[in-house]
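The values are calculated or read from the model by the stated rules, or taken from the named source; none is laboratory data. Please read these numbers as outputs of a predicted model, since none were measured by experiment. As a convention, Cβ positions derive from the backbone with ideal geometry for all residues, glycine included, and neighbour counts pool all protein chains shown. Accessible surface areas use protein heavy atoms only, side chains included; no ligands, DNA or RNA. Shrake-Rupley method; radii C 1.70, N 1.55, O 1.52, S 1.80 Å.
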Amino acid sequence: MSAPDGTQQDGGTPQEYFSRMYTARPDPWQLADRWYEQRKYVLTLAALPEREYASAFEPGCSVGVLSARLAGRCRALLSCDREELALAQARSRLAHLPHVRVERRVLPEDWPGPQESFDLVVLSELLYYFPAAAGADLLERAVSSLGPGGTLLLVHWRRQVAEHARSGDDVHEQARTHPALVRIAAHSEPDFLLDVFIRPRQAGTPAEHLSVAAAEGLT
């Protein structure tokens, strides 16, 4: 369960929680070491429908473990977090990758502006720290940031955590009802959910026309 940008919005997880966690342990969720996390990251990368993305955005990057894996599938990657202790580790881990930017951003106000669009946005272990209204705002920003045909990937822990504003199931149900998104892949386990969405170039495009096989002319 990676630690994203903290939020102090009403009903959300306070920033002090993240500061306390990173002060107590540099990698409080053991993202670099746990087999659970390594396996989840493999599934995350495997679920991406494109071999390579021109430009990707990963908010809530924590210490940059997933960022390093995403970097191999992107020509440009912007990763961000709010917590400076996490960012110091992310910058060190990603310093050898010139196509990766690591920035401090506070969400939702520091979401990239309309002049910067992406063909991949990854929301990994992030949205359950925000209450429903703020989560809807972030989801809308993510969709708006996607270029036509862009990919939105969500993956979230399902177990109950006292510091979470919502459950992972609630987060994914909110995304599944967004009118501009078409879900093309889903993975469900007792521990986490993973959903892959496309913002189709043409409204009303069915999921079967957006599959990897369809893109390669196999259907």
**Study point:** Within the accessible area of the range 58-112 (1.4 Å probe), percent carbon and sulfur
**Key:** 49
Study note, to complete from the structure: Whole-Å distance linking the alpha carbon centroid of the range 34-65 with that of the range 86-126 is 13
Practice item. Please list the non-local residues whose amide H lies under 5 Å from the amide H of F192, H modeled 1.01 Å from N, same-chain partners needing a gap of 5 or more. Key: R158
**Study point:** For the chain, calculated [θ]222 nm from helices alone, where every DSSP H run of n ≥ 4 adds -39500 (n - 2.57)
**Key:** -9000 deg cm²/dmol
Point to revise | Amide N proximity, the range 167-188 versus A136 label position 7 Å along Cα-to-Cβ, cut-off under 13 Å | key: 174-175, 177-179
Exercise for review: Taking each pair of different alpha-carbon atoms in the range 65-129 once, compute 1/r for the pair, average those values, and report the inverse of that mean as the Kirkwood hydrodynamic radius in Å to one decimal.
Suggested key: 12.6
Review point. Given charges of +1 on the Cβ of Lys and Arg and -1 on the Cβ of Asp and Glu, with all other atoms neutral, how large is the dipole of the chain about its Cα centre, in debye to the nearest 20?
Key: 480
Review point. Over the chain, what is the relative contact order in whole percent, taking alpha-carbon pairs under 8 Å and six or more residues apart?
Key: 19
Check your understanding: When each pair of different Cα atoms in the range 134-208 is counted once in the 1/r mean, what is the Kirkwood radius in angstroms, to one decimal?
Key -> 13.0
Check your understanding: Once you put a point 7 Å from the Cα of A54 and another 7 Å from the Cα of E109, both along the Cβ direction, what distance in nm separates them?
Key -> 3.2
**Study point:** Per-residue ³J(HN,Hα) for the range 185-200, Karplus 6.51 cos²θ - 1.76 cosθ + 1.60, θ = phi - 60°, Hz, x for Gly and Pro
**Key:** 7, 8, 9, 10, 9, x, 8, 8, 10, 9, 10, 10, 10, 10, 8, x
Revision key, fill the gap. Under the Karplus relation with 6.51, -1.76 and 1.60 and θ = phi - 60°, whole-Hz ³J(HN,Hα) for the range 12-26, x at Gly and Pro, equal x, 6, x, 4, 4, 4, 5, 4, 5, 5, 6, 5, 6, 7, x
Check your understanding: Where Rh is the Kirkwood radius over the Cα pairs of the range 81-168, the temperature 20 °C and the viscosity 1.002 mPa s, what D in µm²/s does Stokes-Einstein return?
Key -> 148
Revision key, fill the gap. Of all DSSP beta bridges having both residues in the chain, the percent classed as antiparallel (nearest 5) is 40
Exercise for review: Using only the alpha carbons of the chain, determine the length spanned along each of the three principal axes and report them from longest to shortest in whole angstroms.
Suggested key: 52, 38, 36
Check your understanding: Over the range 9-127, what is the percentage of antiparallel beta bridges among all DSSP beta bridges, to the nearest 5?
Key -> 0
Review point. Under a 1.4 Å probe, what is the accessible area of the chain per residue, stated in Å²?
Key: 45
Revision key, fill the gap. Amide H contacts under 5 Å for G147, restricted to residues at least 5 apart in sequence or on another chain and with H modeled in the peptide plane, are F118, D119
